[in-house]
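Novice: What follows is a structure written as structure tokens; I'll ask about it next.
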Amino acid sequence: MTGSTARRGGETVPAGKNAVVTGGSRGIGRAIVERLCRDGAHVVFNYATSDEAAEEVVRTVRDNGGTATAIRLDLADPDGARQLMEAAEKRLDGLDILVNNAALCLPPALIADTDPEVFDKVMTVNTRAVFMTIRHAAVRMRDGGRIVNISTANTVRPGPGISAYAASKGAVEQLTAIAARELGARGITVNTVSPGATDTELLRGTNPPEALAAVAGTTPLGRLGEPADVADVVAFLAGHDGRWITGQNVRATGGLA
């Protein structure tokens, strides 16, 4: 990526870059928005439900000298990703960074008990939206851009009850590998970041405390991840220092195998 690079306290994303982050109002997505903005990027992010949460992100970014724009748009709508990217295009002077973070993770259910409509909705949000945003970026992203897709450690830690979620993220990892090869000639890198158990509202809402404590105890670092832990990895890949990494799956798991 060209241009001056912000280096305030370890920031690595070149200042003045334009980014789109999906699902940016809470959890890991919020941490990514705030980190990229702190590094000097202008970020457009979408959210599906809470105006209050989105406004809080925008306000926090502004109070810290950054610029973020929130767009209420549900990626469960099959046309949502296209609408988001077109709306972002109107608000940004070019596109340099795309982070596909939005995901639908429902309470565990066995394959035999999973409604096909639920499966379709998970795939729409978690996989189709990623395909569509990359499709847009392949045409409109500036040379030297960065695409980072958020997956999950569950693609290598399969278990009962997570078939739709794990399948959708496995597809995202394949999209990463293929897009890296398709876009590499333009200097665009495409990578996956796969978090482990990360302390978010979503995680705590779908897992009992004893399960979270057990997972934390199995990591070498002895704790759950924090959203900022993942956001820092994303910022590295989105910045100048990540220029020689593409087509990779970075497992931000605290050492969880």
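Novice: From the list 219, 133, 206, 192, exactly one residue is hydroxyl-bearing (Ser, Thr, Tyr), surrounded by fewer than 18 Cβ atoms within 10 Å (Cβ to Cβ) and within 26 Å of residue 80 (Cα to Cα). Which is it? Write out each step before concluding.
Specialist: Numbers: 219 fails: within 26 Å of residue 80 (Cα to Cα); 133 fails: surrounded by fewer than 18 Cβ atoms within 10 Å (Cβ to Cβ); 192 fails: surrounded by fewer than 18 Cβ atoms within 10 Å (Cβ to Cβ).
After applying the criteria, what remains is 206.
Here is a yes/no grid of residues against (1) surrounded by fewer than 18 Cβ atoms within 10 Å (Cβ to Cβ); (2) of a type in the set (S, T, N, Q); (3) within 29 Å of residue 112 (Cβ to Cβ); (4) touching a residue at least 12 places away in the same chain (Cβ under 8 Å):
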site: 161; (1), (2), (3), (4): yes, no, yes, yes
site: 175; (1), (2), (3), (4): no, no, yes, yes
site: 186; (1), (2), (3), (4): yes, no, no, yes
site: 197; (1), (2), (3), (4): no, no, yes, yes
site: 213; (1), (2), (3), (4): yes, no, no, no
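Novice: For residue 195, indicate whether it is under 16 Å from the mean Cα position of the chain (by Cα) and modelled with pLDDT of 90 or more.
Specialist: Yes: the conditions hold for residue 195.
Novice: Just name the residue that is farthest from residue 188 (Cα to Cα) out of those in the stretch 44-56 that are surrounded by fewer than 23 Cβ atoms within 10 Å (Cβ to Cβ) and among the aliphatic types (A, V, I, L, M).
Specialist: Residues of the stretch 44-56 that are surrounded by fewer than 23 Cβ atoms within 10 Å (Cβ to Cβ), as a first pass: 48-53, 55-56.
Filter once more, so that each one left must be among the aliphatic types (A, V, I, L, M): 48, 53.
Numbers: 48: 28, 53: 32 Å.
In this case the residue turns out to be 53.
Novice: A further question on this structure: Kindly evaluate residue 221 against the criterion of being part of a loop (DSSP other than H, G, I, E, B), over 16 Å from the mean Cα position of the chain (by Cα) and farther than 26 Å from residue 147 by Cα.
Specialist: yes
Novice: For the stretch 72-109, give me each residue that is surrounded by fewer than 18 Cβ atoms within 10 Å (Cβ to Cβ) and assigned to a helix (DSSP H, G or I).
Specialist: The answer is 82, 83, 86, 87, 89, 90, 91.
Novice: Quick check on residue 187: is it at positive phi and touching a Leu at 6+ places or on another chain (Cβ under 7 Å)?
Specialist: Criteria not met by residue 187.
Novice: When you go through 146, 142, 157 one by one, which is the residue that is at pLDDT 95 or above and surrounded by fewer than 22 Cβ atoms within 10 Å (Cβ to Cβ)?
Specialist: Working: 146 fails: surrounded by fewer than 22 Cβ atoms within 10 Å (Cβ to Cβ); 157 fails: at pLDDT 95 or above.
Among 146, 142, 157, only 142 is at pLDDT 95 or above and surrounded by fewer than 22 Cβ atoms within 10 Å (Cβ to Cβ).
The values are calculated or read from the model by the stated rules, or taken from the named source; none is laboratory data. Since this is a predicted model, take the numbers as computed values, not measurements. Here Cβ is always computed from backbone atoms with ideal geometry, including for glycine, and neighbour counts include all displayed protein chains.
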